[in-house]
Ligand code: ADP
Ligand code: MG
């Protein structure tokens with residue numbers, strides 16, 4: 001799946017810049033759902049951030065805060081908002097539900113992540129191998145575990161070699177080993193291809209393990225509470241550092257992060 005369009009803009013507003021290396025910038029002033037026959041729901045207010053090249057940014061906030069809404073806006077899937085977003089064109093995306101076509105093979109599902117003219121032709125052997133999907137190419141999604149289905153969804157998102165990968169709680173309800181395996185694949189894409197990642201997660205430990213930066217958002221309407229850089233290199237993060245980091249965050253932002 002790919003986000004279409006160039007720069008999505010509703011009512012203007014300044015975009016945050018992070019220098020030349022900024023690949024994605026978001027400045028949502030307001031987003032309100034107006035369901036017919038029900039009260040309006042203000043989902044996002046004053047949420048601005050940028051993601052740099054090769055950076056992994058994790059967005060953390062309470063359930064129902066407006067995180068998925070934010071991702072849909074920046075991907076250009078919801079044009080009904082006030083503000084501006086730029087840089088997500090061509091982004092690869094993985095949602096919480098793998099969203100695979102059950103009547104298509106793994107191979108076919110992954111190829112749906114390619115632009116139509118390249119779908120049949122592109123050599124994806126390396127991608128299937130890297131993601132451990134080689135033996136599964138001819139199988140159908142129904143024959144796969146949830147973890148493998150998510151792997152297929154990740155392969156589909158990576159198929160076109162996107163500059164930006166947007167992930168919405170992609171590892172929920174996987175066991176620790178399956179989640180760690182998928183996380184490693186995402187980190188590998190960043191390390192080898194310089195992909196930029198924006199990932200929504202509920203899992204604070206996961207965010208602390210992989211993120212270069214954490215964006216903490218408030219309960220609905222989602223607005224930015226803190227933008228926290230995690231400076232220690234990913235490979236040098238041990239249990240003690242992770243525990244201390246989490247504790248410091250929980251003390252400073254108890255409304256977002258529990259001890
Ligand atoms: P999160 O991903 O942080 O859990 P969402 O962005 O999915 O939260 O939703 C934010 C709020 O907006 C929730 O209260 C949700 O019920 C509401 N919401 C989401 N989509 C719609 C919609 N299409 N119409 C009305 N309200 C919606
Ligand atoms: Mg959500």
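The values are calculated or read from the model by the stated rules, or taken from the named source; none is laboratory data. This structure is a prediction, so every number in the text was calculated from the model and none was measured. In this analysis, Cβ positions are derived from the backbone assuming ideal geometry, glycine residues included, and neighbour counts consider all displayed protein chains.
Scanning the range 150-176 for residues that are surrounded by fewer than 20 Cβ atoms within 10 Å (Cβ to Cβ), away from ligand 1 (no atom under 16 Å from the Cβ) and more than 13 Å from the chain's Cα centre (by Cα) gives 160, 161, 174, 175, 176. For the range 194-203, the tally of residues that are surrounded by 14 or more Cβ atoms within 10 Å (Cβ to Cβ) and either more than 16 Å from ligand 2 (Cβ to nearest atom) or under 21 Å from residue 110 (Cβ atoms) (or both) stands at 4.
Within the range 75-90, identify whether any single residue is at pLDDT below 95, crowded, with 24+ Cβ neighbours inside 10 Å and within 13 Å of the chain's Cα centre (by Cα), and answer yes or no. Within the range 75-90, one or more residues are at pLDDT below 95, crowded, with 24+ Cβ neighbours inside 10 Å and within 13 Å of the chain's Cα centre (by Cα).
Considering the range 204-246, and only residues there that are farther than 19 Å from residue 51 by Cβ and touching a residue at least 40 places away in the same chain (Cβ under 8 Å), the residue that is surrounded by the fewest Cβ atoms within 10 Å (Cβ to Cβ) turns out to be 205.
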